[in-house]
Amino acid sequence: MASTAEKPVSGSSGVEPRDSQPPPRSNPWRRPWALEGFTWLYILWSIVPIAIAVLFSFNKGASQATWQGFSTKWYVGSQVTSVLHNPSLHHAVIQTLILGGLTTLICVPIGVGFAIGIDRWRTRTASGLNFVLIFSFVIPELLLAVALFLLVTQALTFIHLGTPAEVAGLVVWNLSWPAIIVRARLISIGRSYEEAAADLGASRLGAIRRVLLPMLMPAIFASAVLVFASTVDDFVIVEQLSSTANTQPMSVLIYSNVHGGLSGPALNALATIMLLISLIVAVIGFVAYRWLTRGERTEGGTEALTGIAGI
Amino acid sequence: MGRRQGSGRRNRWLWIGLAAPGAVWLLVLFVAPFYVMLSVAGGGINEFFQTVVPVWNPIHWSSFNFSAVWHDIVGPGAFIGSPALRTIGYTAIATVISLAIAYPVAYFVSRYAGKRKSLFLILLIAPFWVSYMMRMLAWIDLLQQGGFFNSALSFFGLPGNTDWLGGKSVTVIMGLVYGYIPYLILVLYAFLDRIDQSLIEAARDLGLSKWRTFWSVTIPLSKPALVAGTFITVLPMLGDYFTNQLLSGAPGTSMIGNAIEGQLDSPGETGQGAVLALMLLVVLLIPMIYYVVSTARTSREMA
Amino acid sequence: MSGGNVKLESLTKRFDEVAAVDDISLEIQAGEFFSLLGPSGCGKTTTLRMVAGFEPPSTGKILLDGDDVAKLPPNRRDVNTVFQSYALFPFLTVAENVAFGMKYKSVPKAQLKTRVAEALEMVQLSGYEQRRPNQLSGGQQQRVALARALVLRPSVLLLDEPLGALDAKLRRALQVELAALQKQVGITFLYVTHDQEEALTMSDRLAVMNHGKVAQLGTPEDVYNEPADAYVADFLGVSNLMDARVKPGGQSTGCCRLQMGEFTLEANAGELNATGAVKLAIRPERINVEPYETVGANRVPGMVERLVFLGSTTHVYVRLATGSTLQTLVRNDGAELPYGQGTAVSVSIPADALRVLPDPGVSVGEIHDETTGEELLDLSGTRSA
């Protein structure tokens, strides 16, 4: 109750005395439209260029800037320049898929095993290995690519340049995804479920198989999706470790042809295909993630999104 | 089944076995390559083939390549100095701009988005899935001589014939920001989302205005977010070479990554490329170690 | 396998230099409901985990029906645990959770369903087979955890503060159910709790633990009515600890004469042969608050400090002329109390109920009223009687 007997406390910085405050200029519950507007501006700036580029992959003409009508010739129509028919474009798509698939298939199991093992094997060696892993997360890709190139050409020459070297390098580069994501999930799961399984009769391996892995499945899945997308996108390591033009995936092909070479919209088409592949994988992953966590979800539907993004 | 060794910690072999493939892969394909890089840097050249001759024994490492690079940096005809400085400059500017954009966006989505949080998250995560190539390609299309950007400028009466892709720092910096900001936003979001709302409510309850709460409570609480975000932006950006390559291609905007790559590909200068790469690595080592140590510490605290 | 006798022999567990469990020896009879009672950090959970197999003991033996199981991993012991967090597998249904352990006992498939149904019926959750844990309330989850452990018919069931996360009313109801269930099933229950009411309600016998050691072991009545020391007296309910000195030459015919301030008291319970400075304990329900003029033995004048209404009872806090404050208990039987705050009264402390206790030598610390949570004054030494 506003009492006249109460003297307002003299305000120290920032703490407003209750009775001498001027009426608020604006509704304290109003929405922060300035922040929201800024966010939308960012989103537009972020997405619109991509949308335009996708649009232009369907351009009838050869320009990446002037719209000349709708056509799918860059994808399937033209005999010479379309992705379907041009052999180097064609091979690039396949090579990307091969790289993505192989890397994911190798990287995820290794990474998951690494995460579980390091978490339980509490010694200094384990922490040391963990350190190395985090290093691989922050190092500029170029440095690793250069080092790998030298390794493969000077020392371990049985790893041939081209797909084998690329996969080896990509696995190392992406190892941190499953390792870190699964490790985080492992920490939040805690030990009690495995202890319960052991209490009920499971051996340690049995407990991992029957209890831990199912509970880790969402994280494993999320990291697999991330590894795949990251590999599809990658070109620093791939370029450095590539051999002939035949083994170029889409990312490298675009990179090398940007300043001339293949006509513009063909690159757009290629990039759009890359986009589609990533998106399809992302959507599959998202759906699968939600299905896998259907027994655990609390309120708020954002866990699937952040989980899938590896946050 | 015979008697086991006992519960818990005594029997380690299961864990070691699980971690082994990953550990081996890391050691062979992450740690070893840098030793090779050292050996190449400290090695010599096969004069005839202009190929690299690595020297494996540290005792026999020569300073041949190192002195060549030193001359490239400080001697007459030095050409490493400007890319190095430029790299630092670009990275600093791009990081500041990125933080200035990313923080408000992450702040908004984590605190004010309410029911539309999922929608915003999808829109923020989307660039993640769009490949880097596509994002750069999009801007190349737009910034071409006859592209949309110039058309829009001339529509508004401004000069519309600038060659944005011909070697402009502005373009490269914008490209760096565009390329790295999605990671930054997501990392900031992840941290900001975890800030306990009741701390902010407590500050308001105690009498602080919205602005004061922001400066005295939210910003300090955001410190780990900002630190983490800065690290994962600055460290990879310092090794960037492709943004410049795609959006400019001119030597006037080259970064140190371009120098490394250039030397590596030139026959006879591969060793020097290795030295440059090593120097970049050494420069980055201290911040990287700091980041690794603090990450390991916080993850242990959360356990 | 019937049986379920658990014997701990000189069991010790050290973490670095600290002994969390310090040389404990006790025996739990087959079919008993046995509780380990104590505050956080007293070692009760560590003891339980050692029996379950999740912590290896530093020294000592754990004998299950005569066999030393200390070296066996948890999945090889005939012991099952109900965890504090229930640890129900979120990706399995209730039925699948309950059936989990039977795979390792090679139960034929035909029997699986019936045994699961039996177990669920025992915990009154028939019909919940297809639900998922996140669709259940806390009390229901706890019952599934119970069913999952009981379905395996272990010799001993370990329970680690299973009712901790539930609200008070549910807790009380489940206490009764658990005790009845144990009698019905006949398995040894080893129950860990910090709540003395739980331990008193459900146990056949209990052990009060303090800093890794057993302070007292006995039936609830024994431990409550005849606490061995000030720590036990104070942990199990209010003990109204007071300081006093034994009057020399006063020991005769099973009673002890004591000097408390300027008052002389007689005590018939506890360490009657003690000398020197001792502690006196009396339960609130044994104290009588009488009109001021009442005279007689073992009466101390005082003033009513505060009355706290608790529904079925009222706590009356009386400040004695000696300076201590006693908490007494009055049943609310409809009649109005003949005193209020500030009334001068006479406090009668019957000799049979007044217990002489040795000082255990460990700090008792703050004494909290277990019902209202308020901190009573520290009676154990800082204020001179």
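For this structure, a couple of remarks:
- Rg and Dmax of segment C:174-242, based on Cα coordinates, read 12.8, 44 Å.
- Going from the fewest other Cβ atoms within 10 Å to the most, the residues B:H71, A:H160 appear in the order A:H160, B:H71.
- Applying D = kT/(6 pi eta Rh) to segment B:31-110, where Rh is the Kirkwood radius over alpha-carbon pairs, T corresponds to 37 °C and eta to 0.692 mPa s, the Stokes-Einstein value obtained is 204 µm²/s.
- DSSP-loop GluC sites (Glu not before Pro) across segment C:1-100, with at most 16 other Cβ within 10 angstrom: C:E17
- Debye log10 I(q)/I(0) for chain C, one point scatterer per Cα, at q = 0.08, 0.11, 0.12, 0.15 Å⁻¹: -0.51, -0.85, -0.96, -1.24
- Each residue of segment A:135-151 is assigned a 3J(HN,Hα), and the resulting list reads 4, 5, 7, 9, 6, x, 4, 4, 4, 5, 4, 4, 4, 5, 4, 5, 4 Hz, derived from the Karplus form 6.51 cos²θ - 1.76 cosθ + 1.60 (θ = phi - 60°), x at Gly and Pro.
- Residue exposure proxy: B:L192, C:L310, B:L280, ordered by other Cβ atoms within 10 angstrom of their Cβ from fewest to most, comes out as C:L310, B:L192, B:L280.
- For segment C:141-284, the alpha carbon convex hull comes to 141 Å³ per residue, rounded to a whole number.
- Semi-axes of the equivalent ellipsoid for segment C:270-329, computed as √(5λ) from the eigenvalues of its C-alpha gyration tensor and ordered from largest down, come to 23, 15, 11 Å.
- Remark: for residue pairs C:K7/C:K44; C:K7/C:K169; C:K169/C:K213; B:K115/C:K169; C:K7/C:K71; B:K115/B:K210, the C-alpha separation exceeds 26 Å in C:K7/C:K169; C:K169/C:K213; B:K115/C:K169.
- Taken one residue at a time, the phi angles of segment C:276-286 give Karplus couplings (6.51, -1.76, 1.60, θ = phi - 60°) of x, 7, 9, 10, 10, 10, 8, 6, x, 6, 9 Hz. Gly and Pro are set to x.
- Peptide B:120-127 - average C-beta neighbours from other chains (10 Å radius): 6
- Partner chain coverage, peptide A:204-216 - average Cβ within 10 angstrom: 3
- Per-selection Kirkwood Rh - segment B:232-297 (Cα, Å, 1 d.p.): 13.0
- Solvent-free Debye scattering, log10 I(q)/I(0), computed from the Cα coordinates of segment A:83-127 at q = 0.19 Å⁻¹: -0.66
- Packing-based ranking, highest mean first, of C:85-92, B:151-158, C:128-135 given that Cβ atoms within 10 Å are counted: C:85-92, C:128-135, B:151-158
- The Rg/Rh ratio of segment C:97-189, with Rg taken over Cα atoms and Rh as the Kirkwood radius over Cα pairs, comes to 0.95.
- Shape call, segment C:220-295: gyration tensor on alpha carbons, a/c limit 1.5: oblate
- Over the protein assembly as shown, the alpha carbon radius of gyration divided by the compact-protein estimate 2.2 N^0.38 Å works out to 1.23.
- Reachable lysines from A:K73, criterion Cα separation under 26 angstrom, eight or more residues apart if same chain: A:K60
- Unit Cα scatterers, Debye sum, segment A:46-145: log10 I(q)/I(0) for q = 0.11, 0.15, 0.17 Å⁻¹: -0.64, -0.83, -0.91
- Within segment C:1-121, the proportion of Cα pairs with more than 18 Å between them is 60 percent.
- Computed [θ] at 222 nm, helices only, for chain C once each DSSP H run of length n ≥ 4 contributes -39500 (n - 2.57): -6000 deg cm²/dmol
- The ranking of C:T114, A:T66 from fewest to most other beta carbons within 10 Å of each one's beta carbon is C:T114, A:T66.
- Distant-in-sequence amide contacts of C:T81, defined by a placed amide H-H separation under 5 Å and a gap of 5 or more residues or a different chain, comprise C:L158.
- Scalar couplings 3J(HN,Hα) for segment C:190-198, obtained by applying the Karplus form with A = 6.51, B = -1.76, C = 1.60 to θ = phi - 60°, are 10, 10, 10, 7, 9, 9, 5, 5, 4 Hz; x denotes Gly and Pro.
- Packing here is the average count of other Cβ atoms within 10 Å per residue, and on that basis the peptides C:137-150, A:116-129, highest first, run C:137-150, A:116-129.
- Peptide packing for C:63-72, C:34-43 was compared via the average number of neighbouring C-beta atoms within 10 Å per residue; ordered from the highest value, the list is C:34-43, C:63-72.
- All distinct Cα pairs of segment B:185-262 go into the 1/r average, and the inverse of that average, the Kirkwood radius, is 15.3 Å.
- Of C:R257, C:R299, C:R331, the residue with the greatest mean-square motion in the GNM of chain C, using alpha carbon springs below 10 Å, is C:R331.
- Between C:V21, C:V185, C:V246, the residue with the greatest mean-square fluctuation in the GNM of chain C (Cα pairs under 10 Å linked by springs) is C:V185.
- Just so you know, the averaged projected area of the alpha carbon convex hull for chain B sits at 26.7 nm².
- Loop sites in segment C:234-335: chymotrypsin sites (Phe, Trp or Tyr not before Pro), DSSP, at most 16 other Cβ within 10 Å: C:Y292
- Shielding of A:167-180 by partner chains, average beta-carbon count, 10 Å: 2
- Convex hull per residue volume in Å³, alpha carbons only, for segment A:185-280: 136
Bear in mind that the values in this text are calculations on the coordinates, not laboratory data. Quantities reported herein were computed from a predicted structural model and do not represent experimental measurements. Neighbour counts are summed over all protein chains in view; Cβ atoms, including those assigned to glycine, are modelled from backbone coordinates with ideal geometry.
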